[in-house]
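**Q** The structure is given below, and queries will be raised subsequently.
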C-alpha cells in the first residue's frame, strides 16, 4: 500500500519466493505513508519481513499469523498504531518496533523466534501489554550450538523511554528482558518472568524500580517470603548482582564463571554487598503468577 487511506487487507495467504536470499525477497505486506488502514487475519510466510509499516500513522494490525520470515512485524517512524492478537512464530525476530511512538501492542504472541520476541528501539509513550513470549532461544549454528552474542531475548528494550510494560509473559528463553542504552522512565509491573536462563540483563548507569502502586512482577526464581500473606513478597527482588555486571562488561571473564575465585566473589557479594552497581529492583514481587491480562482494545472500524 502506497499513500492509501482507510483500506482493509484481510484473510489473504501470502508466500514469498524461498528460492531467493532473504534480503532479496519482498515484504509480505508493506505500508508506506498510509493511514487508517486495517491489516487483519492474513497468513504470511517466506517473505523478507512479514508486515512492514513505514511512516504510517493510525493503522490497526490485528490477528495476523507470520512465520518463517526475517522480522514478523516491523515498524519504522509510525505513530498511534494498534497491534492486536498477532502471532509471530519461527522467525529470525518477532516484533521489531523502531523509531515510533504511541503504539498499543496488545495480546500478541511471539514463540520459537530466534533473536528476540519484542524489540523496542527508540520507542516512546507506548503500551506493551498482555503479550505472550515463549522460547526465544538465539541463533544456532549448523551443529545446533548457540552462536556467541546471539542469545534470544524475550523483550529487548533499547533507548526507549516513557513506555508502560505490563501483564506480559516472558518464558523459557535465554534472556527474559534486556534493557540498555538509556532506556529509562519505563513502568513495568504485573509481568511474569518464568524459567528464563537469565531473567534480566540490565546494562544501565541508573537504578530502576520495577513496580507500581505496590504491585511488582512475578519471578519464577524469587526466593523471598510473604509473612503477612498479602500476595506480595516481603523482600525486594534484585535479579542481578555485581558479578553479573562485571561479566557483561568483560565477556571474556565468562571463562572463569565456575572458578573458585568467581564463586567466592559472588558469595561475598551476596553476604556483604559493599559493591552494588546500578540495577533493577522489584520492591513488591508477586508470590503467585497473575492471571493473563489484556486491556480492552478492539480494531478500529
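The values are calculated or read from the model by the stated rules, or taken from the named source; none is laboratory data. The structure displayed is predicted, hence computed values, not measured ones. Positions of Cβ are generated from backbone atoms using ideal geometry, with glycine treated the same way; all protein chains shown enter the neighbour counts.
**Q** Might you let me know whether the range 133-147 holds any residue that is without any contact (Cβ under 8 Å) to a residue 24 or more places away in the chain and closer than 18 Å to residue 179 by Cα?
**A** No, there is no match, as no residue in the range 133-147 is without any contact (Cβ under 8 Å) to a residue 24 or more places away in the chain and closer than 18 Å to residue 179 by Cα.
**Q** Taking residue 131 as the residue in question, decide whether it is modelled with pLDDT of 95 or more and closer than 23 Å to residue 219 by Cα.
**A** So residue 131 passes the test.
Residue-by-condition table, conditions (1) touching a strand residue (DSSP E or B) at 6+ places or on another chain (Cβ under 6 Å); (2) at negative phi:
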{"site": "11", "(1), (2)": "no, no"}
{"site": "19", "(1), (2)": "no, yes"}
{"site": "36", "(1), (2)": "yes, no"}
{"site": "51", "(1), (2)": "yes, yes"}
{"site": "54", "(1), (2)": "yes, yes"}
{"site": "64", "(1), (2)": "no, yes"}
{"site": "70", "(1), (2)": "no, yes"}
{"site": "82", "(1), (2)": "yes, yes"}
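**Q** Being under 25 Å from residue 153 (Cβ atoms), without any contact (Cβ under 8 Å) to a residue 40 or more places away in the chain and part of a strand (DSSP E or B) narrows it down to one residue among 47, 100; which is it?
**A** One residue alone meets the criteria, 100.
Rundown of residues vs (1) assigned to a strand (DSSP E or B); (2) touching a residue at least 24 places away in the same chain (Cβ under 8 Å); (3) farther than 22 Å from residue 100 by Cα, yes/no style:
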position: 19; (1), (2), (3): no, no, yes
position: 53; (1), (2), (3): yes, yes, no
position: 56; (1), (2), (3): no, yes, no
position: 73; (1), (2), (3): yes, yes, no
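**Q** Let me ask another. Within the range 51-109, take every residue that is surrounded by fewer than 22 Cβ atoms within 10 Å (Cβ to Cβ) and touching a helix residue (DSSP H, G or I) at 6+ places or on another chain (Cβ under 9 Å) and give me the one that is nearest to residue 35 (Cα to Cα).
**A** Step by step, filter the range 51-109, then rank; the result is 70.
**Q** Given the residues 231, 224, 216, which is the only one that is surrounded by fewer than 21 Cβ atoms within 10 Å (Cβ to Cβ) and either on the phi > 0 side of the Ramachandran plot or within 20 Å of the chain's Cα centre (by Cα) (or both)? Spell out the reasoning first.
**A** Values: 224 fails: either on the phi > 0 side of the Ramachandran plot or within 20 Å of the chain's Cα centre (by Cα) (or both); 216 fails: surrounded by fewer than 21 Cβ atoms within 10 Å (Cβ to Cβ).
Among 231, 224, 216, only 231 is surrounded by fewer than 21 Cβ atoms within 10 Å (Cβ to Cβ) and either on the phi > 0 side of the Ramachandran plot or within 20 Å of the chain's Cα centre (by Cα) (or both).
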